[in-house]
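Data block below; observations after.
The values are calculated or read from the model by the stated rules, or taken from the named source; none is laboratory data. The model shown is predicted, which means the values in this text are computed figures rather than measured ones. Cβ: placed from backbone, ideal geometry, glycine included. Neighbour counts: every protein chain shown. To get the accessible areas, we keep the full protein, side chains included, count just its heavy atoms, and leave off ligands, DNA and RNA. Shrake-Rupley method; radii C 1.70, N 1.55, O 1.52, S 1.80 Å.
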Amino acid sequence: MKSRVAGSGFFSSLAGRIAVIAVIVAFVVVDVLLVAAALRATAPVDPGTPGPIPTYTSSPQPTATASASAAIDEPSGEVRLLSAVSAAEAWRTTPGLCGGAAPKVERSTDGGDTWAVVDLGSTGVADAVALNAGSDRTALAGHLMGSCTKTKAMATFTEGKFWAASTTDVADLAFVVRGTNRVHLASGVVAGPCATPLGAVQSGSAAAVSCDDAFAVKNADAAWQTVTVDGLLGFTATGTGTATSYLLAVDSSSDDCDGVAIESLTADLTPDSVPTPVGCAPVASAAGTLDPSTVALSRVGANVWLWAGSRVSVSADGGASW
């Protein structure tokens, strides 16, 4: 009995020892595996060829573009345009040429001493045929880029920073239809008073057109009334309807005026009307060659602006002195 008991204890003790050793071996194996995994995780990795560093640019906000509903028949765009706002501020633009040189729109706030270019942005205007500037808004009409057969009017309330289509200005602005003797007025397109109209202005029911050595006025549905004005370079209007009066810029080579003579006419003119002398802008020596394509005149109140050749002059007394 004793030997049987003693043998049983021996085998029990041996099994226990084997179990302990097995646990220790398993622990060591697991530990080795964990260490190996850690070493692999911290080993350096070849980064390969570095990619480009990304760059970021801000996209400018697009200016508003006109819709097709703001389109009308093709205008002329053959004369420079000037629109006075006050004694200090005015806008001007070269006509430009659709399919060629773009119009150059500028704004002055110091009486014409300096001019800042106004960016037309994405307006789609390829040339300029009408300009109407104001203290709150400015409107510009011109051909659509690409087709060169339709025009649209654009308006800005932000001094030219942003533009938007204006169907109202399309209807109201007056201009000569290119290649014809037709004139676009608020009431529609009408036949002009001469074979080659040069410029057009509308003031209420009264419309006026300059021609080669002639000036014509049309009141409402009445016929054109035309008077001869030798050397007529440009004109501007003030007032509305039959109360409208016009200032004319006339090429002068007389002893009394070496430059541009300023004369006046009223809307109720007849073929016998004679312009009244107002003043003289002595710009001949500095302005270069003067003709209807290089002279523009604009009036707001008593302030009259004259853009003659390369020179801009301002009168504060209705054109009497410069």
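Here's how it looks for PHE175: its modeled amide H is under 5 Å from those of HIS184, which are all 5 or more places away or on a different chain. Between the alpha-carbon centres of the range 107-121 and the range 151-205 there is a gap of 22 Å. Full extension of the chain between ALA222 and ALA302 yields a length gain of 25.9 nm, computed as 0.36 nm times the residue separation minus the alpha carbon distance. Other residues lying with their Cβ under 13 Å from the Cβ of SER122 contribute a combined charge of +1, Lys and Arg counting +1, Asp and Glu -1. Once fully extended, how much extra length lies between SER86 and THR158, figured as 0.36 nm per residue of separation less the alpha-carbon to alpha-carbon distance? Full-extension gain reported as 24.2 nm.
What you get for the range 108-208, charging only the Cβ of Lys and Arg (+1) and of Asp and Glu (-1), is a dipole of about 480 debye around the Cα centre.
Taking a sphere under 12 Å around the Cβ of THR109 and counting the other residues whose Cβ falls inside, with K and R at +1 and D and E at -1, yields a net charge of -4.
In this structure, SER321 and ASN181 have a Cβ-Cβ separation that, at R0 = 56 Å, corresponds to a calculated FRET efficiency of about 0.90.
Within straight cross-link reach of LYS150, meaning Cα distance under 19 Å, which aspartates and glutamates are found once same-chain residues fewer than 8 apart are removed? Partners found: ASP73, GLU74, GLU78, ASP127, ASP169, ASP172.
Other residues whose C-beta falls under 15 angstrom from the C-beta of TRP322 contribute a net charge of -3, scoring Lys and Arg +1 and Asp and Glu -1. With R₀ fixed at 30 Å, the C-beta to C-beta distance from ARG137 to THR114 puts the FRET efficiency at about 0.85.
Return one quarter of the surface area of the convex hull spanned by the alpha-carbon atoms of the range 112-248, equal to its mean projected area, in nm².
9.2
Surface calculation, 1.4 Å probe, protein heavy atoms: TRP224 sits at approximately 50 Å² accessible. A simple spin-label model places the labels of ASP255 and ALA171 5.6 nm from each other, with each point 7 Å out along Cα-to-Cβ.
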